[in-house]
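Working notes, beginning with the structure itself.
The values are calculated or read from the model by the stated rules, or taken from the named source; none is laboratory data. Bear in mind the structure is a predicted one, so any value in this text is a computation, not a measurement. Please note: Cβ atoms are built from the backbone with ideal geometry, for glycine as well, and neighbour counts cover all protein chains shown.
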Amino acid sequence: MKKKKHWYDYLWIWAILYFALGFFSILFAWFGMIDFLLPLGIAIFGGNKFFCNHLCGRGQLFSKLGGDLKCSRNKPTPRWMSSKWFRYGFLIFFLTMFGNMVFQTYLVGAGASSLREIIKLFWTFRVPWGWTYTAGTVADWVAQFSFGLYSLMLTSLLLGLIVMVLYKPRTWCTFCPMGTMTQGICKLKNNEKK
Ligand code: SF4
C-alpha cells in the first residue's frame with residue numbers, strides 16, 4: 001500500500017525555492033534561520049528529531065536527487081565521516097564560522113566595517129552577488145547577515161551535494177551540524193528522563 005503523503009513531504013520544494021529566491025533578493029536568506037531555530041526548538045522542547053525525520057527540505061532534496069533521480073553513486077559512506085571526532089569536529093568548525101559571520105554582522109552594524117555584497121563559498125571563494133541587493137533598502141547589518149547566512153547555506157548545500165554524488169544520497173546527514181546538535185540534545189534529554 002502506498003504511504004499517505006503529508007504536506008511536509010514536499011518541503012524539498014522549499015529547499016530549492018530558498019536558494020532560487022537568493023538570486024533575486026539576498027534578504028530572503030533570513031528565512032534560513034528557520035532551519036537553525038526550528039530543529040533546535042523541537043529537540044529542546046520535544047526531545048525528538050521530528051525535524052530531521054519529517055521537516056527537513058534539504059534532507060528530502062538529497063533523497064530525491066540521489067535516490068529517485070539516481071544522481072548518487074550509492075557507495076557506502078566512509079566510516080570516518082560518521083565517527084564522533086569528525087561529526088563533533090565539523091560541528092565546532094561550523095559553529096565557529098557561524099560565530100564569525102555574526103561578528104562580521106556586528107562590525108558592519110557598529111560602523112567598523114563596510115557592507116560586502118559578496119557570497120563566500122567554502123569559506124574561501126568570493127563570488128560577487130551585488131545584483132541581489134540595492135544599497136540602503138535595509139540597515140547594512142541586516143543585509144550583511146543575509147549575505148553571510150546565504151554563503152553558509154549554499155556552502156553546506158554544495159558540500160551535501162558532493163557527498164551525495166560520491167556516496168549515499170543522505171551522506172551529508174551523517175555529519176550535518178544541525179543533525180549532530182539535535183541528536184546530542186535528544187540524548188541529553190532522554191538521559192534526564194531515566
Ligand atoms: S541531519 Fe541535517 S540535513 Fe539531514 S535531515 Fe537533519 S537537519 Fe536535515
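For this structure, a couple of remarks:
- Of all the residues in the stretch 131-163, those that are surrounded by 14 or more Cβ atoms within 10 Å (Cβ to Cβ), more than 16 Å from the ligand (Cβ to nearest atom), closer than 23 Å to Ile16 by Cβ and free of Cβ contacts under 8 Å to residues at least 40 places away in the same chain number 0.
- Criterion (of a type in the set (A, V, I, L, M) and modelled with pLDDT of 95 or more) met by exactly one of Leu158, Leu188: Leu158
- Number of residues in the stretch 131-176 that are part of a helix (DSSP H, G or I) and either among the β-branched types (Val, Ile, Thr) or more than 18 Å from Ala15 (Cβ to Cβ) (or both): the value is 17.
- Subset of the stretch 181-194 (residues that are near the ligand (Cβ under 10 Å from one of its atoms) and surrounded by 17 or more Cβ atoms within 10 Å (Cβ to Cβ)): Met181, Thr182
- Members of the stretch 58-81 that are within 16 Å of the ligand (Cβ to nearest atom) and not aliphatic (A, V, I, L, M): Arg58, Gly59, Gln60, Phe62, Ser63, Lys64, Gly66, Gly67, Ser72, Thr77
- Residue check for Ser25: within 13 Å of the ligand (Cβ to nearest atom), on the phi < 0 side of the Ramachandran plot and either surrounded by fewer than 18 Cβ atoms within 10 Å (Cβ to Cβ) or not aromatic (Phe, Trp, Tyr) (or both): no
- Applying a threshold of 8 Å to beta carbon distances and a minimum spacing of six or more residues, or different chains, the list of pairs starting in the stretch 167-193 at a residue that is under 12 Å from Arg87 (Cβ atoms) and of a type outside the set (Val, Ile, Thr) and ending at one that is more than 12 Å from the ligand (Cβ to nearest atom) and part of a helix (DSSP H, G or I) reads Phe175/Met81; Phe175/Phe86; Pro177/Leu95.
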